[in-house]
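I have placed the structure first, in the form of structure tokens, so that the comments after it can refer back to it.
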Amino acid sequence: MKDNRRNFLKLTGLTGLGLAGGVISNFAKETAGEHPTLNSTNEFFADRFNMSGYAAPKIENVRVGFIGLGMRGPTHLTNMMKLGGVSIVGLCDIREEQVLKAQKLIDKSGQKPAHYFGDKDAWKKLCDRKDIDLIYIATPWALHVSQAVYAMERGKHVAIEVPAARTVEECWQLVRASEKTKKHCMMLENCCYDFFELMTLNMARQDFFGDIIHTEGAYIHYLLDLNFQKDGYYDMWRLKENIGRNGNLYPTHGLGPICQVMNINRGDKMDYLVSMSGMDNMMGDAAKEHAAKDAFYKPFVNKPYRGNMNTTVIKTNKGKTIMVQHDVTSPNVYSRIHKISGSKGSALKYPTPRIASSHDKWVSEAEYKNIEEKYRPAIVKKVGELAKQVGGHGGMDFLMDWRLIDCLRNGLPLDQDVYDAALWSAIAPLSEKSVANRSNSVDVPDFTGGLWKQNKPVDISLGTGGNTLVKL
């Protein structure tokens, strides 16, 4: 047994993390997808540092580097250029043309960040710089964790596009790196900053809904054509993600906001889930149709594409339930659902935002406007109209980027921490495991190691921050 344990440490490289005794044993179980058994002395936390509620030292001028300048990277770059107290230090993409396009976005500012491209490891040179505080990562999913861990180990906070990780093991790598380095690892879940979601979060904090009983979220978005576009996702990476992975591959947009409403990781935790996928009735046929016209698509024919619709149901420790759906190939109308059911009231965002304070009846339009005014959170009052002017998914992209920078500049805890990034991302591989096992239940790891019992809920107020200027 001792020899096996020693070999495991050598193979995984965990000996360099300063772990010992029961801690390493439990961590090994977690990376294998098992739950550690916490004893009365909370042995699993012997060497851990709780990143929930952690406030890093203030950074007056946040120096930023970008890795990945395809679809999402330029959006964040454009937002950064509208914020005071931010300097762009480096731009990185494997394609030189993308770096040059990004540079044009900021030419008027007079900033001349260093350019990194061509070499598949060029991003490491960016992370190795001593004059960067924050790394934005907007690369294909498979690269997120290696780049984020490398950046944190070199003293940088990281902000990762969704999902943060693809496997449970990768989720644990993010957690361990963030705790070890005391660097923030925030997943850029912009839907947490949409205006209705922020309002319902504030309503939940003020007990409008009473006890939350059940919530629903989703990512229902027709992306079939985009997934097959040659000039869409670089090297067809997102189409490849849909081959051989049958589950909820993109859960975080619907899941993030309702997890905040339910205080997941901060008063409650997910215990287990069950997941079911239907048949693929779209992607396989689309691959054949494209291949009949263009040989480029022949490698994508007769592949095991995931089912069109996946439905995942989660049970929390306190007995509450969550339903999350995923379908990006059927010709459905866009929806993230965002349904909240409580003992006193309920809310539903799609197809139109609605609130109920009694059973069987939504409030009138006039009552809704009164509720909207009463429960508009401080962050929306402060930056909401500016965010709408800037745009980006209706302003939520800008609101998220502004909030991240403002927290770093004022030494405030982030609204989303590494445990959120890990948990929300882990639903994808866990759902795959359930689907593959006839929808049997799968335990959900507790990435907080038991500290969910004492972690405080997300504070949507601006606290002592709110002084980051916006340049329109």
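The values are calculated or read from the model by the stated rules, or taken from the named source; none is laboratory data. Note that the structure is a prediction, hence the values are computed from the model and not measured. Here the Cβ is made from the backbone with ideal geometry for all residues, glycine too, and neighbour counts use every protein chain on show. Each accessible area value is taken on the protein alone, full model and side chains, heavy atoms only, with ligands, DNA and RNA left out. Shrake-Rupley method; radii C 1.70, N 1.55, O 1.52, S 1.80 Å.
Checking the structure you have, find out if any residue of segment 184-194 is open to solvent by 10 Å² or more (accessible area, probe 1.4 Å) and more than 30 Å from residue 132 (Cβ to Cβ). Checking segment 184-194: not a single residue is open to solvent by 10 Å² or more (accessible area, probe 1.4 Å) and more than 30 Å from residue 132 (Cβ to Cβ). Within segment 198-211, residues that are over 15 Å from residue 381 (Cα atoms) and outside any helix (DSSP H, G or I) sit with their Cβ atoms under 7 Å from residues that are among the basic types (Lys, Arg) and open to solvent by 10 Å² or more (accessible area, probe 1.4 Å), at 6+ positions apart or across chains, in these pairs: 208/344; 209/344; 210/344. Among the residues of segment 264-277, those that are open to solvent by 10 Å² or more (accessible area, probe 1.4 Å) and either of a type in the set (A, V, I, L, M) or in contact with a strand residue (DSSP E or B) (Cβ under 8 Å, 6 or more places away or on another chain) (or both) comprise 269, 271, 272, 274, 276, 277. Tell me, yes or no, whether segment 345-358 has at least one residue that is farther than 28 Å from residue 247 by Cα, open to solvent by 50 Å² or more (accessible area, probe 1.4 Å), of a type in the set (A, V, I, L, M, F, W, C) and at pLDDT 95 or above. Within segment 345-358, none of the residues are farther than 28 Å from residue 247 by Cα, open to solvent by 50 Å² or more (accessible area, probe 1.4 Å), of a type in the set (A, V, I, L, M, F, W, C) and at pLDDT 95 or above.
Of the listed requirements (1) in contact (Cβ under 8 Å) with a residue 60 or more places away in the chain; (2) part of a loop (DSSP other than H, G, I, E, B), residue 229 misses just one: (1).
Filtering segment 243-263 to residues that are open to solvent by 10 Å² or more (accessible area, probe 1.4 Å), in contact with a helix residue (DSSP H, G or I) (Cβ under 9 Å, 6 or more places away or on another chain) and not in a helix (DSSP H, G or I) leaves 243, 245, 246, 250, 263. Exactly one residue among 387, 421 is touching a Cys at 6+ places or on another chain (Cβ under 9 Å) and either surrounded by fewer than 19 Cβ atoms within 10 Å (Cβ to Cβ) or assigned to a helix (DSSP H, G or I) (or both), and that residue is 421.
Just to check your reading of the model, which residue among 418, 363 is farther than 19 Å from residue 192 by Cα, of a type outside the set (Ser, Thr, Tyr) and modelled with pLDDT of 95 or more? None of the others qualify; the one that does is 363. Are any of the residues in segment 344-358 assigned to a strand (DSSP E or B), hydroxyl-bearing (Ser, Thr, Tyr), under 26 Å from residue 163 (Cβ atoms) and touching a residue at least 40 places away in the same chain (Cβ under 8 Å)? Checking segment 344-358: not a single residue is assigned to a strand (DSSP E or B), hydroxyl-bearing (Ser, Thr, Tyr), under 26 Å from residue 163 (Cβ atoms) and touching a residue at least 40 places away in the same chain (Cβ under 8 Å). Scan segment 148-156 and tell me whether some residue there is in a helix (DSSP H, G or I), surrounded by 23 or more Cβ atoms within 10 Å (Cβ to Cβ), acidic (Asp, Glu) and out of contact with any Cys (no Cβ under 6 Å at 6 or more places or on another chain). No: zero hits. For segment 76-88, the set of residues classified as surrounded by 20 or more Cβ atoms within 10 Å (Cβ to Cβ) and in a helix (DSSP H, G or I) consists of 76, 77, 79, 80, listed by residue number. Please count how many residues of segment 206-235 are open to solvent by 80 Å² or more (accessible area, probe 1.4 Å) and under 21 Å from residue 319 (Cα atoms). Adding up the residues that qualify gives 2. Residues considered: 201, 188, 223. Of these, the only one that is under 30 Å from residue 346 (Cβ atoms), among the aliphatic types (A, V, I, L, M) and touching a Cys at 6+ places or on another chain (Cβ under 9 Å) is 201. In segment 89-109, which residues are open to solvent by less than 50 Å² (accessible area, probe 1.4 Å) and over 22 Å from residue 146 (Cα atoms)? Result: 102, 103, 106.
Per the conditions (1) open to solvent by 70 Å² or more (accessible area, probe 1.4 Å); (2) part of a strand (DSSP E or B), the sole criterion not satisfied by residue 313 is (1).
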